[in-house]
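Throughout, read-outs are computed from the coordinates displayed, never taken from laboratory work. The structure displayed is predicted, hence computed values, not measured ones. Reconstructed Cβ throughout: ideal geometry from the backbone, glycine too, with neighbour counts over all protein chains shown.
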Amino acid sequence: MKKIDLHMHTNISADGTFTPEELLEIAQKENMDVIAVCDHNSVRAVASAIEEGKRKGIEVIPGIEVDCLFEGVNVHMTGYGIDVSDKRYEELEQFYIRQYLEITWIGVRNFLKSVALELSDDVLNSIAVRGMIISEDLAEYLLTHEEYNHLEWLKPYRPKGTRSVNPNLNFYWDYFSQGKPGYVEGKKKTAQETIELIHSTGGKAVIAHPGANFKGQDDIVGRLMDLVDGVEVFSSYHSEEEVEHYRNMALEHGCFLTAGSDFHGHHKPSIVMGNIPGLDEKGYPELMKTLHEIGE
C-alpha cells in the first residue's frame, strides 16, 4: 500500500518548523509515497516542495489550508490540485497577513488580561514571528521560563499534566481558538468564497478535521458537506468514533475521504508524518479513490 499524508505544513506557515526541502527529507525518511503541502492561507512553498519531491521520488500534491467562516463557525478548508500560480492565492495570503499583524497582538493582550498576567512589549516582540504573535510560541515562552512556574493555570501543560501531550497546541485550543479569551475574529473569507476560489483554479475543496472545528454541530457541517468535494475523515484530531461518524456523514453527502496528519513539526511533537489514526485497510481503498478524484 502507498504511504499517504494529505495535510502537512512547512515553515511558510508561521507555526510550521521545516523548509520545503527539510519537509521532503523527512518524508523520504518516513517512506512517504504521496504528500500534500497545505500551508495556512499560502501556496508559496508548493513549487519548491514539488521540485524536491521529484528529486526524491515523492509525489507532492499542491494544496492550501484556508481560514474561513461558515454559519458562524471558523472552518479550515483545504484545497487540492489547485493552480498555485493563480495570483488570487497571493492576494489571499496578503489579505490574512495584513490582519494577523494586528489581531494576533490584540488577542494576546486580551488573553493576558483574562489571566491577570503582564508581559512587556520587549518580551512580546521577542516572541513575535514576522511581526505576528503565534499562540504556540507564547505557550512555549511561558512554559520554559522559571518565573512562571508558580502559575496554576499552566500546570496542565507541564509534564504529566492533563494537557501535556502537544502542550503548545493545547494551549492554543484552550485560550486562542474560537470563543476563547485570546480569539479575535477579524475578517475572514466565507466558506463559499473559498470553495469558489479552489474550484475556479482547478482544485477540490475539502473540510479539514471537522471534529476539531465543529465539535458535534452536525447540522452545520452537514450543510457544508453539500458544498464541498471531500472531508478529512482520517485525522490526528479524530477519535475512532469520530472517524467512523464523519466517514458515514461524508459518504452520505457524496464526499470523498481524505487523510492528513496536520504535521507541523516542533509545536506538535506527537504528530508524526504519515501516522494517521483510523486509516486502516478499510480506509485505504477509499483514499486511493480520493487520489483519483484529485488528479482528474
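A few notes on this one:
- Relative packing of peptides 68-80, 212-224 - highest average C-beta neighbours within 10 Å first: 68-80, 212-224
- Of 189/268; 87/187; 155/268; 29/87; 188/215, those spanning more than 30 Å from alpha-carbon to alpha-carbon: 29/87
- Close amide H partners of residue 256, meaning residues 5 or more places away or on another chain with modelled amide H under 5 Å apart, are 230, 231.
- The trypsin sites (Lys or Arg not before Pro) of the range 51-96 include none that meets both criteria, a DSSP state outside H, G, I, E and B (loop) and at most 14 other C-beta atoms within 10 angstrom of the site's C-beta.
- Restricting the GluC sites (Glu not before Pro) of the range 195-256 to loop positions (DSSP other than H, G, I, E, B) with no more than 13 neighbouring Cβ atoms within 10 Å leaves nothing.
- Sequence-distant aspartates and glutamates (8 or more away, or on other chains) whose Cα lies within less than 14 Å of residue 289: 229, 232, 281
- Anisotropy class of the range 214-296 from Cα gyration tensor, a/c 1.5 cut: oblate
- Estimated FRET transfer efficiency (residue 187, residue 112; beta-carbon r; R0 25 Å; 0.05): 0.60
- Pair residue 270, residue 130: separation of 7 Å Cα→Cβ label points (nm): 2.8 nm
- Per principal axis, descending, Cα span of the range 1-74 in whole Å: 42, 26, 17
- Charge dipole (debye, nearest 20) of the chain; +1 at Cβ of Lys and Arg, -1 at Cβ of Asp and Glu: 280 debye
- Nearest-20 debye value, the range 96-175 charge dipole, Cβ charges on Lys, Arg, Asp, Glu: 300 debye
- Whether the range 163-210 is rounded, prolate or oblate, judged on the alpha carbon gyration tensor where a/c under 1.5 counts as rounded: oblate
- In order through the range 253-269: 3J(HN,Hα) via Karplus (6.51 cos²θ - 1.76 cosθ + 1.60), integer Hz, x for Gly, Pro: 9, x, 9, 7, 10, 10, 9, x, 7, 6, 5, 10, x, 3, 7, 10, x
- Equivalent ellipsoid, the range 96-175 (semi-axes from 5 times Cα gyration tensor eigenvalues, Å): 22, 14, 11
- The equivalent ellipsoid that matches the C-alpha gyration tensor of the chain spans semi-axes of 30, 21, 20 angstrom, in descending order.
- For the pair residue 196 and residue 83, a Förster radius of 25 Å applied to the C-beta separation gives a FRET efficiency near 0.95, rounded to the nearest 0.05.
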